[in-house]
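This report refers to the structure that appears directly beneath it.
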Amino acid sequence: MKFIFDKDTWQEIYGSIRKNKLRTGITIIGVMWGIFLLVVLLGAARGMENNFDKMFGDFATNSVFVWGQTTSKPFKGFQEGKRMRLKITDVDYIKSEVKGVEFVVPRNRTQSLVVNNFKSLTVGIFGDYPLLDKVQKKHLVYGRFINENDIKERKKVCVISNDTYKQLFDKNEYPIGKYVKINNINYLVVGHYKNKQMGGGGPQGGVHIPFTTFQQVYNQGENIGWLMVTAKPDVSIAQVEADTKLLLNNLHKVHPKDGRAFGSFNLGDKIKKVTGFLTGMQFLTWFVGIATLIAGVFAIGNILLITVKERTKEIGIRRALGAKPGEIRRQIVLESVFLSTIAGALGIIFGGILLMLIDTLWGHGEDASLVNPTVNIPVILIAFVTLIVLGTLIGLIPAQMAVSVKPIEALRDE
Amino acid sequence: MIKIEKLHKSYPIGKKDFLHVLKGIDLHIKEGEFVSIMGSSGSGKSTLLNIVGLLDEHDEGSYYLNKQKIERLDEKKAAILRNKFLGFVFQSFNLISYKTALENVALPLYYKGVSRKERQETALKYLDKVGLKDWAKHLPNELSGGQKQRVAIARALVANPKVVLADEPTGALDSTTTDSVMELLTAINDEGMTVFVITHEQEVADQTDRIVTLKDGIIISDEITEKGKKTRHYV
């Protein structure tokens, strides 16, 4: 191993590389490109994953939405096509009867004109319980979310989303304590929140008012628009979904096998698909990256083969002067390793720079598409070591070729 | 120094035939001799030099280099022996084009495992000896043919070998430079070095002490030259 630290060894390598500057440069670019792609792809995949994490982070992902539709089977004297509505009483039944349920959140929604002085917009009005904050975290900028007291006293208060705020209020205006008109009824603004998550959790944004207030103002009585059921972390959401629907069929006198009486949307399922997609992408990244790396290393091997062929005579001279086959061989292997290492290091550096650039350009702000695109150091080290090992192995081929020619034949080569 | 007995060498041609190049050579070269091998092309003189230079193996007979019997050498052993005992001078100089004159001369010392500083010093000393000290930093393509051959001679001498083997050392040179190269080889021989030259030029051969003539793989004559008769070996 002493020869690795020998200045002369490196001088020899420098000499032969200097002889073929252009070719060496192009080869290095080939390998560099491979590891560069690997770094950038891995970083981008990580950025996307972080982005999804951010989007779903505030959301109870192990949840299902249930709403009333129309029956598809006649049952107990009712004809098919009966319109189903969920009732507020269903909530307690689901909570007590279905195993593994964590929260059951009833919600109501209508569309209405909201007015503040001369500004107005038509937006979704939601009747909500304080519980909503538990399953769809509201990041409040000012004030508070709806509380139990609002529910109990059917207060005319509202919590507005950021989009609504922007349209109803002037920039930097403090909304708390102001009144907005919804259907000609004044509501006191008590909270202003920023929505961070994207769709997938049902309708969002708009104006939230207490559930009981909604019931009264819009004359809903026992009816609920839809239910959001979340399962405990280790419970299968698919099972909860099936159990809930069966229970609802039972409660509402619907044929047990009628799958259309109540509609549902399984968020957990969708998220699993997205995560699966991410895993697939990561696999693809690795595959593409490693394949490109291997291609690059083969390019090094190829170029060294040509170089060795061209240097046949020189190698012959060296052997006539007393170079042992082992010395020739290790020289060429070391050249291969050296080129791989340089190319790998450059690829990692450039990949890192590009990731930094991506982070500055698209990694920040509300709608960042790639959040914090990074690659783990161990991952990089593994890729780097792999590259060096491959470089060594591939270097053995031209090295063997260099010493397989007899010195006398090598000397005769022109 | 070199003792060859009943040496045979043949090369395969195609699948069945063999070309019998050396057909029983007996040759004894003592230390300090200045010998030339003459012969037309195809006489086997290059093959003989390759075998003597351990670049090729003989089929039959025996070969002793510095009293050591040469047989069944692997590449590594051959490389060590070449480095230790032999210095080569080629017709086409065979300098490494991207190395300076000094680096070229120092190369055998590198394979001998000599330290960098010592290599530089020794190489410079030998370059000085062939009169090219001022050209140490020049690349081979900046030198004339005669200068290149003198660099090659310096390289052959630098590792302090027992024998210098020169294969048509003047083949690529004009008559003036031929003379200067032969003078250099003579000077080396005068210092006690065994020099073994292959040539087909009579004038070159006449400047050595002993001429061995090959024809069709056998020695047809082995004579001491006029010059040789005056030197100490043959008195």
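The values are calculated or read from the model by the stated rules, or taken from the named source; none is laboratory data. Since we're looking at a predicted model, the values are computed, not measured. Cβ sites come from the backbone with ideal geometry, for glycine too, and all protein chains shown count toward neighbours. Just the protein is used for accessible areas: all its heavy atoms, side chains included, with ligands, DNA and RNA removed. Shrake-Rupley method; radii C 1.70, N 1.55, O 1.52, S 1.80 Å.
A few remarks follow.
- Modelled FRET efficiency - R0 35 Å, B:Ser144 with B:Glu71, Cβ distances, 0.05 increments: 0.25
- With a simple spin-label model that places each label point 7 Å from the Cα along the Cα-to-Cβ direction, the separation between B:Lys230 and A:Asp92 comes to 13.5 nm.
- Given their separation in residues at 0.36 nm each and the Cα-Cα distance between them, A:Asn250 and A:Lys406 gain 47.1 nm when the chain is fully extended.
- Percent carbon-and-sulfur accessible area, the protein assembly as shown, ignoring ligands, DNA and RNA, probe 1.4 Å: 56
- Note on the stretch A:1-54: Lys pairs 8 or more places apart or on different chains, Cα atoms under 28 Å apart, count 4.
- Above-threshold pairs, the threshold being 23 Å between Cα atoms, out of B:Lys84/B:Lys230; B:Lys3/B:Lys112; B:Lys9/B:Lys215; A:Lys324/A:Lys406: B:Lys84/B:Lys230; B:Lys3/B:Lys112
- Within the protein assembly as shown, the percentage of alpha carbon pairs spaced more than 47 angstrom apart rounds to 50%.
- Take the Cα radius of gyration of chain B and divide it by 2.2 N^0.38 Å, N being the number of residues; the result is 1.01.
- For B:Gly24, nonlocal amide neighbours, meaning residues 5 or more places apart or on other chains whose placed amide H falls under 5 Å from its own, are B:Leu7, B:His8, B:Lys9.
- Counting only aspartates and glutamates at least 8 places from A:Lys194 when in the same chain, those with an alpha carbon closer than 18 Å to its own are A:Asp53, A:Asp58, A:Asp128, A:Asp133, A:Asp163, A:Asp170, A:Glu173, A:Glu366, A:Asp367.
- Where N is the number of residues in the stretch A:1-103, Cα Rg divided by 2.2 N^0.38 Å: 2.62
- Once A binds B, the 1.4 Å probe can no longer reach about 2400 Å² of accessible area, counting both sides.
- Candidate cross-link partners of B:Lys117 among the aspartates and glutamates, defined by an alpha-carbon separation under 17 Å and a same-chain spacing of 8 or more, comprise A:Asp6, A:Asp8, A:Glu12, B:Glu103, B:Asp128.
- Distance between modelled label sites at B:Asp174 and A:Ile176, nm, 7 Å Cα→Cβ extension: 10.3
- Net lengthening on full extension, A:Tyr142/A:Asp53 (0.36 nm per residue, minus Cα-Cα): 29.5 nm
- Hypothetical label at A:Asn302: residues of the stretch A:383-414 whose amide nitrogen lies under 18 Å (7 Å Cα-Cβ projection): A:390-399
- Considering only Cα atoms, the convex hull volume of the stretch A:63-267 works out to 121 Å³ per residue.
- The stretch A:209-247 versus the stretch A:277-294: alpha-carbon centroid distance in Å: 42
- Between A:Arg109 and A:Gly127, A:Gly225, the built amide H atoms are under 5 Å apart, and every one of these is 5 or more places off in sequence or on another chain.
- Cβ-based net charge around A:Gly15, under 13 Å, with every Lys or Arg adding one and every Asp or Glu removing one: +2
- All lysines inside 20 Å of A:Lys253 as judged from Cα atoms, apart from same-chain residues fewer than 8 positions distant: A:Lys73, A:Lys76, A:Lys82, A:Lys87, A:Lys95, A:Lys245
- In the context of the full protein assembly, B:Lys77 retains an accessible surface of approximately 110 Å², using a probe radius of 1.4 Å and ignoring ligands and nucleic acids.
- Counted charge near A:Gly263, where neighbours are those whose Cβ lies closer than 13 Å (Asp, Glu -1; Lys, Arg +1): +2
- Full extension of the segment from A:Trp10 to A:Phe118, taken as 0.36 nm per residue of separation minus the current Cα-Cα distance, would add 31.0 nm.
- Using θ = phi - 60° in the Karplus curve 6.51 cos²θ - 1.76 cosθ + 1.60, the 3J(HN,Hα) couplings for the stretch A:304-314 round to 5, 4, 5, 4, 4, 4, 5, 9, 3, 5, 4 Hz; x is entered for Gly and Pro.
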